1. Among the residues of segment 46-105, write down those that are assigned to a loop (DSSP other than H, G, I, E, B) and either within 15 Å of A129 (Cα to Cα) or open to solvent by 20 Å² or more (accessible area, probe 1.4 Å) (or both).
2. If we keep just the residues of segment 118-156 that are of a type in the set (V, I, T) and more than 16 Å from L184 (Cα to Cα), which is modelled with the lowest pLDDT?
3. Exactly one of (1) surrounded by fewer than 19 Cβ atoms within 10 Å (Cβ to Cβ); (2) of a type in the set (A, V, I, L, M, F, W, C); (3) under 23 Å from V162 (Cα atoms) is unmet by I37. Its number?
4. Looking for something within 22 Å of the chain's Cα centre (by Cα), open to solvent by less than 30 Å² (accessible area, probe 1.4 Å), within 18 Å of S104 (Cα to Cα) and of a type in the set (A, V, I, L, M, F, W, C) - is there at least one such residue anywhere in segment 3-18?
5. Please enumerate the residues belonging to segment 1-25 that are hydrophobic (A, V, I, L, M, F, W, C) and either outside any helix (DSSP H, G or I) or in contact with an Asp or Glu (Cβ under 9 Å, 6 or more places away or on another chain) (or both).
6. Looking only at segment 108-142, count how many residues are farther than 19 Å from D76 by Cα, open to solvent by less than 20 Å² (accessible area, probe 1.4 Å) and of a type in the set (G, A, S).
Amino acid sequence: MKKLTTPEKILRAAHKLFDREGADAVSMRRVAEAVGITPMAIYRHFPNREALLKRLSDDSFNTAAHAWEAHATQPDTLKRLLALLEPYLDYALEHPHLFDHAFSVRRDDARRFPEDFRARQSPTLNVVADAIAEGMRLGVLKQDDPWDVAMSLWAHAHGLVVLYRAGRFGDDETRFRKFYFESLGRLIDGIKA
């Protein structure tokens, strides 16, 4: 097993704190304690706390993007769209603090719709927009703007997740997952050609 570098140890410790307790828990002091270094040593690798949090967010987006790409191989466009939105749900429920920071908290460095997305700066939504564009080319989906449709699907999925996490669906995750996919299926039925 490869020995971790100091920046890798810092990121791993910060990620654990973030995942367990949220962004407020990620202080240079607590990360340094977890790694076994001084807080000032972190600044050799990350200029400030915001840079460390941004790196954690970027890494989370990339991890989510790889999960979405793994679901992009489904040949049936309609099934692929549903499959692509499954890792989003999984990520939201398994990593609620990281999910909130990535998708629900206002950040100056967050991507903005439509310009950043149309410029393909979203490693996650690119996969969904590409599947929608392909479905439109194949005549499976109605002709429309693929980015607008992708954002509509994402907004729907996000809204359901936020409502579930706010207790609006009760605590039965299995029932919520069933509703989530049925609801997205209804939305996708509405964009079929």
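1. Taking segment 46-105 first, the residues assigned to a loop (DSSP other than H, G, I, E, B) are 46-48, 74-76, 85, 95, 104-105.
Answer for segment 46-105, where residues must be assigned to a loop (DSSP other than H, G, I, E, B) and either within 15 Å of A129 (Cα to Cα) or open to solvent by 20 Å² or more (accessible area, probe 1.4 Å) (or both): P47, N48, Q74, P75, D76, L85, H95, S104, V105.
2. If we filter segment 118-156 for residues that are of a type in the set (V, I, T), which is where we start, we get 124, 127-128, 132, 140, 149.
Remaining after also requiring more than 16 Å from L184 (Cα to Cα): 124, 127, 140.
Details: T124: 84, V127: 90, V140: 96.
Of everything passing the filter in segment 118-156, T124 is modelled with the lowest pLDDT.
3. Exception for I37: condition (3).
4. There is at least one residue in segment 3-18 that is within 22 Å of the chain's Cα centre (by Cα), open to solvent by less than 30 Å² (accessible area, probe 1.4 Å), within 18 Å of S104 (Cα to Cα) and of a type in the set (A, V, I, L, M, F, W, C).
5. To start, the set of residues in segment 1-25 that are hydrophobic (A, V, I, L, M, F, W, C) comprises 1, 4, 10-11, 13-14, 17-18, 23, 25.
Passing the criteria: M1, L4, L11, A13, A23.
6. So the answer is 1.
The values are calculated or read from the model by the stated rules, or taken from the named source; none is laboratory data. Quick caveat, the model's predicted, so the values are computed rather than measured. Every residue, glycine among them, receives a Cβ derived from its backbone with ideal geometry; neighbour counts consider all protein chains shown. Only protein heavy atoms, including side chains, enter the accessible area calculation; ligands, DNA and RNA are left aside. Shrake-Rupley method; radii C 1.70, N 1.55, O 1.52, S 1.80 Å.
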